[in-house]
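Here is the structure we will look at, set down as structure tokens.
The values are calculated or read from the model by the stated rules, or taken from the named source; none is laboratory data. Keep in mind the model is a prediction, meaning the values are calculated, not measured. All Cβ positions, glycine included, derive from the backbone under ideal geometry; neighbour counts span all protein chains shown.
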Amino acid sequence: MQLLTNLFQDLRITTNSVKSNQTSVRAIQNESHIDTLSEKIDQLYIMNLAALELLTELGITQSQIMKKIEEIDLRDGKLDGKLSQPTECSDCGHKISKRRTNCFYCGSKINSFGFKST
């Protein structure tokens, strides 16, 4: 009877160890994903700041900018601060989520906005 108990305990310990390792790997992957998203946010912030400064220098008012933002937001039929249209991969032509950095089908780089990937 003790042998069966020991076998079950060993099995549980091994299972929990595997789950713990998988959780650690997922945590590392999530940290990497967060770093990538942080980098993208910084790049987008710089591009938006440059665009806003150029528009201001050209005499465009904040009201005109807000009106254009609303117009663009309504292109997908909803005033929700999002665009739902997918990006098309320039290499293979498949539709790809705007949130992806590489094409799911062929692996080519997308959504880089001219910035080097690090």
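Let's see how each residue does on (1) at pLDDT below 90; (2) within 21 Å of Arg100 (Cα to Cα); (3) hydroxyl-bearing (Ser, Thr, Tyr):
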{"residue": "Arg12", "(1), (2), (3)": "no, no, no"}
{"residue": "Ala27", "(1), (2), (3)": "no, yes, no"}
{"residue": "Lys40", "(1), (2), (3)": "no, yes, no"}
{"residue": "Ile46", "(1), (2), (3)": "no, yes, no"}
{"residue": "Leu55", "(1), (2), (3)": "no, no, no"}
{"residue": "Ile65", "(1), (2), (3)": "no, no, no"}
{"residue": "Asp80", "(1), (2), (3)": "yes, yes, no"}
{"residue": "Pro86", "(1), (2), (3)": "yes, yes, no"}
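Out of curiosity, is Gln43 in a helix (DSSP H, G or I), loosely packed, with under 11 Cβ neighbours inside 10 Å and either in contact (Cβ under 8 Å) with a residue 40 or more places away in the chain or not charged (D, E, K, R) (or both)? Step through it out loud before you land on a result.
Values: in a helix (DSSP H, G or I): yes; loosely packed, with under 11 Cβ neighbours inside 10 Å: no; either in contact (Cβ under 8 Å) with a residue 40 or more places away in the chain or not charged (D, E, K, R) (or both): yes.
So Gln43 fails the test.
Considering Arg99, Arg26, which residue is part of a helix (DSSP H, G or I), of a type in the set (D, E, K, R) and on the phi < 0 side of the Ramachandran plot?
Step by step, each of Arg99, Arg26 is checked, and only Arg26 is part of a helix (DSSP H, G or I), of a type in the set (D, E, K, R) and on the phi < 0 side of the Ramachandran plot.
Only residues that are on the phi > 0 side of the Ramachandran plot and under 20 Å from the mean Cα position of the chain (by Cα): list them for the stretch 63-89, please.
Filtering the stretch 63-89 down to residues on the phi > 0 side of the Ramachandran plot leaves 77, 81.
The one that is on the phi > 0 side of the Ramachandran plot and under 20 Å from the mean Cα position of the chain (by Cα): Gly81.
Taking only pairs six or more apart or across chains, which ones have beta-carbon atoms under 6 Å, a first residue in the stretch 91-102 that is under 24 Å from Ile41 (Cβ atoms) and at pLDDT below 80, and a second residue that is hydroxyl-bearing (Ser, Thr, Tyr) and in a strand (DSSP E or B)?
Filtered contacts from the stretch 91-102: Lys98/Thr87.
Let's see how each residue does on (1) over 29 Å from the mean Cα position of the chain (by Cα); (2) closer than 30 Å to Lys109 by Cβ:
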| position | (1), (2) |
| --- | --- |
| Asn6 | yes, no |
| Thr14 | yes, no |
| Ser20 | no, no |
| Ser24 | no, yes |
| Ala27 | no, yes |
| Glu31 | no, yes |
| Ile41 | no, yes |
| Glu53 | no, yes |
| Thr61 | yes, no |
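Looking at Lys67, Lys78, which is the one that is surrounded by 10 or more Cβ atoms within 10 Å (Cβ to Cβ), within 30 Å of Tyr105 (Cβ to Cβ) and either among the polar types (S, T, N, Q) or without any contact (Cβ under 8 Å) to a residue 60 or more places away in the chain (or both)? Lay out the reasoning, then the answer.
Numbers: Lys67 fails: within 30 Å of Tyr105 (Cβ to Cβ).
Result of the check over Lys67, Lys78: Lys78.
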